[in-house]
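Notes follow the structure.
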Amino acid sequence: MQPFRQLNGVAVALRRDNVDTDQVIPARFLKISRAEGLGDKLFHDLRFDGNGKVRPDFPLNDPARQGASILIGRKNFGVGSSREAAVYALVDHGIRCVVATSFGDIFAGNAVNNGLVAAIVSEEDIEKLLSAVEQTGRAEADLEAQTIKAGNYVVPFTIDPARKTRLLNGWDELDLTARHKDRIAAFAAQDRTARPWAVPRA
Amino acid sequence: MTQPLTLFDKIWAQHEILKADNGLSLLWVDRHYVHEGSFQGFDKVDARGERVARPDLTFGIADHYVPTARNRVFNDPSLKHMVDQLVVNTGKHGVMLMGLDDPRQGIVHVVGPEQGLTIPGLIIVCGDSHTATHGALGSIAIGIGASEVSHVLLTQTFWQKKPKRLRVTVDGQCGPGIGAKDIALSIIAKIGTNGAQGHAVEYAGAAIRALTMEGRLTLCNLAIESGARTGMVAPDETTFAYVKGRPFAPKGDDFDRAVEVWRALPSEADAAFDAEVSLDASAIAPVVTWGTSPEDTLPIDAAVPDPAQVADPARAQQMQGALDYMGLKPSQKLTDIRVDRVFIGSCTNARIEDLRAAAAVLAGRKAKVPGLVSAGSTQVKHQAEQEGLDKIFTAAGLTWGESGCSMCIGINGDVVAPGERCASTTNRNFRGRQGPGARTHLMSPAMVAAAAVTGHLADVRPMLSGRA
C-alpha cells in the first residue's frame, strides 16, 4: 500500500450530507473487479443523467476540477452499504483524501485498507473548507500534522491514531497480523476446548 | 470488585485474542458468511497464493444476484457469472455452499439463523452491512469490507477498535398492527442515520423482550441504518427455543452446555453504557419514509415536511432535493401519495411472520398495483406455500417469486423503473437503491399490503379490524 504523507492537489467540494455508498458507486457496478478499475463509475448517477449525459452542475464534472485528489464532503459521508467498491471508485478516480464531519464506520475502515485518508473536521471548519475550495479549487492535506489547508484556512482534523500510523507507513493489515500467528493458533486450540458447541456440526 | 459487564463486553472479551499497543483488538471469528459479492475478498486470497484458513467456519450463500423468476432463469450472463464465480470460489477452497439449487438457499441474513448457524455468544462477520441482523440472537455481528473479508478468509480473525456501548430501551407495549419495523424506523427517526455511529447497540426493554425472534431479526437488521457497528438483543428463552433443533445448532449435551453459557451473557443490571436512548412503544405509530434516507420517517397520519419551515439552510436544501427526487410536494398528506408497485422481501422483512402479516391484510382483497413477493429463503417459501400464503398473494394480483435479495438492491434484474414509486419492506430508500431513478418508501409488510390494496400509502390499522 502506498504511504500517505502530504498531498497538495485539485480539490472538489460536495456540499451534501449523508452521501451514501449507493451514490458513491451504484450497486449495478459491483460486478466489476478491482483489476478492471472502478474510477469511471465514481458517483455515476450523480455525474450522468438517465441517458448517460453529463450533468454539468455536479461539482466533479466541473472542467476546472478534473484530476481532483481531495474531496470535501459534509456530514456522515459513506453511510450505508459495506461495499469496498465505494473506496475503490474514489481511489481509482484519483481521490486520496476525503474530508467530512463524520463517516460511516465501515466506509472509514475500508478507506484505511486502501490508503485513503478519511479526515474528520468540525462543523464550523467544514463550511470554511467548502467555501474556500469552491473558490480556489485546491487544498493541501498533511497527515503527520493532521491539517487541511484551503485558501486562507488551515484547519485541524482527527483520525484514529492506529489508522494514521498505517496510512503514514503504507502498512497492510495482513502483514501486521502475520506477527501474531502463534497467538492465533493458541487461541483457536484453547477455544476449541472451552466452547466445543461453537463449531457447527450438521 | 470486577466491573459489571454488558452483553457486548462479555462476548468481546471471550473473542479477544490480543489487544495491540495501538488500541486495536484482534478478534476470533466464529462464523464467516460469504456471498457473490465476496469475490473481491477471494480475489485477494488468490492474489497471495494462499488458502482459506477455516473453511469449516465459512459458509457460502447465493443471494444477491440470483433470479427470482420461477424457473430461476438468468436474463443476463453477467449475473450468472456472479453466481458461478461463488461456486468456483467456495469449491476451490472447500467452503460449503448453499447455492442456487440448494433447498437451504436464501438471503444470508435469513438463512444463517434459520439453519442454526447463527446462535448466541458468537462473533459473526459477513461482507454485507446488514450483518447486524444476526445480533438478534445475542451475538456480535459485524458487516465488513472486502479487505476484511480476505483477512478473515486468511486468518479467521479481524482487527477492531472496541466501539462504545449504546442501549436503546423500548418499554411499554406496541399497539395492534405495529411491529418491529415500526420500532426500528422510529428509533432511526429519533437518533438519525449517524446517531449510533461508533457504537454497539443493545436493544432492551419490555417491548423488545416481547418481540418474537423474527421481530428481533428485523430490528437488528436496521441497526446499521442508525450508523451502529452492530445491534444485539440479549439471549433469553425465546432465543433458546428458536435455536433448539435447527440443523447446525448444538445438539444434546452440547446444547445444554451452550445454554448454560448463554444464560450468563445478558448485561448485568448495573452495567454502564456510554449512551442511553429510550422510547415508549405505546407512542409508536405505523410509519413510512418520505425521503431518501431511513431517518426521513414519519407516522402515516403525518404530512410531507416543508423545507421552508427548516431553519438550517443546508438541511432545507437537502430536504428539497429529496422531495424533488421523490416527486413530492411540501405539506402533502402521506396517505395521498400514490404508489406504482409494491415489494415484499429482503433480509429485513421476508420471514414467515412477515409474509403472514402481509397476507392477513391481502386475504380476500385485490391489489391495485403490481408487486413482487420474494420469500427470505427457499425454506420460508415452502412453508408459506404449505400455509397457502402464496395463493393469497397471487389471488390479490401479486407475483410470487423465488428467494433472494431481489428488488431491495435490484442487482439481479428486479428493478423499480425510473420515476416509479414503490412501497417496500426493505431497508434503504437511498436514491437509485431499487434501480436508477426509483422512488422507495420503506414500511412494514402489513403497511406494504395496505398500500397494495389501496394504491396509495395507507394506515393498515382499519384494514385489520375483524382479522387476525
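FYI, it's all coordinate maths here, none of it is from the lab. Just so you know, these numbers come straight off a predicted model, no measurement behind them. Every residue, glycine as well, gets a Cβ built from its backbone with ideal geometry; the counts of neighbours run over all protein chains shown.
Express in nm, to one decimal, how much length is gained between residue B:171 and residue B:333 on full extension, taking 0.36 nm for each residue of separation and deducting their alpha carbon distance.
Taking residue B:171 through residue B:333 to full extension adds about 55.4 nm, to one decimal.
Rounded to two decimals, what ratio of Rg to Rh does the range B:287-464 give with C-alpha atoms and a Kirkwood Rh?
Taking Rh as the inverse mean 1/r over Cα pairs, Rg/Rh reads 0.99.
When N counts the residues of the protein assembly as shown, how does its alpha-carbon radius of gyration compare numerically with 2.2 N^0.38 Å, as a ratio?
That works out to 0.91 for the protein assembly as shown.
Beta carbons within 10 angstrom, averaged per residue: use that to sort the peptides A:12-21, B:294-303, highest first.
Highest to lowest by the protection proxy: A:12-21, B:294-303.
Want the number for residue B:383 to residue B:309: 0.36 nm per residue separation, take away the alpha-carbon distance, what's left?
Result: 21.8 nm gained on full extension.
What is the calculated FRET efficiency for residue B:101 to residue A:158, with r their C-beta to C-beta distance and R₀ = 60 Å, to the nearest 0.05?
Between residue B:101 and residue A:158 the formula returns 0.75.
Go ahead and estimate [θ] at 222 nm for chain A from helices alone: -39,500 (n - 2.57) per DSSP H run with n ≥ 4, summed, over the residue count, rounded to 500.
Rounded to the nearest 500, the figure is -9500 deg cm²/dmol.
Local charge sum around residue B:453 (other residues, Cβ-Cβ under 10 Å, Lys/Arg +1, Asp/Glu -1)?
+3
Run the simple label-point estimate for residue B:251 and residue A:6 please: 7 Å along Cα→C-beta, distance reported in nm.
6.6
Give me the net charge of residue B:108's neighbourhood, meaning all other residues with Cβ under 12 Å from the Cβ of residue B:108; Lys, Arg count +1, Asp, Glu -1.
So the environment of residue B:108 carries a net charge of -2.
Before rounding to the nearest 500, sum -39500 (n - 2.57) across all DSSP H runs of length at least 4 in chain B and divide by the residue total; then give [θ] at 222 nm in deg cm²/dmol.
Calculated mean residue ellipticity at 222 nm is -9000 deg cm²/dmol.
Give the shape of the range A:57-131 as rounded, prolate or oblate, defined through the alpha-carbon gyration tensor: a ≥ b ≥ c are the square roots of its eigenvalues, a/c under 1.5 means rounded, and otherwise the shape is prolate if a/b is larger than b/c and oblate if not.
In terms of gyration-tensor shape, oblate.
I want the local charge near residue A:149. Using Cβ-Cβ distances under 13 Å, sum +1 for each Lys or Arg and -1 for each Asp or Glu among the other residues.
For residues surrounding residue A:149, the net value is -1.
Per-residue Cβ counts within 10 Å, from other chains only, averaged over A:104-114: what number is that?
6
How big is the range B:7-275 by the Kirkwood estimate over distinct Cα pairs, in Å?
Roughly 19.1 Å, rounded to one decimal.
Under the rule a/c < 1.5 gives rounded, and otherwise a/b versus b/c splits prolate from oblate, where does the range A:122-177 land using the Cα gyration tensor?
prolate
Could you tell me what percent of the DSSP beta bridges with both partners in the range A:6-171 are antiparallel, to the nearest 5?
Here the share of antiparallel DSSP bridges comes out near 55 percent.
Quick one: if you stick a label point 7 Å off each Cα along the C-beta vector at residue B:18 and residue B:260, how many nm between them?
Inter-label distance under the simple model: 3.2 nm.
In whole angstrom, how long is each semi-axis of the equivalent ellipsoid of the range A:6-171, when you take the square root of 5 times every eigenvalue of its Cα gyration tensor and sort them from largest down?
Result for the range A:6-171: semi-axes of 23, 19, 14 Å.
Taking the convex hull of the Cα atoms, report for chain B its projected area averaged over all directions, in nm².
Mean shadow area of the hull around the Cα atoms is 22.8 nm².
Roughly how many debye, to the nearest 20, is the charge dipole of the range B:287-464 about its Cα centre, given +1 on each Lys and Arg Cβ, -1 on each Asp and Glu Cβ, and no other charges?
260
For residue B:169, what residues show an amide H to amide H distance below 5 Å, using hydrogens built from the backbone and excluding near sequence neighbours?
B:204, B:277, B:278, B:279
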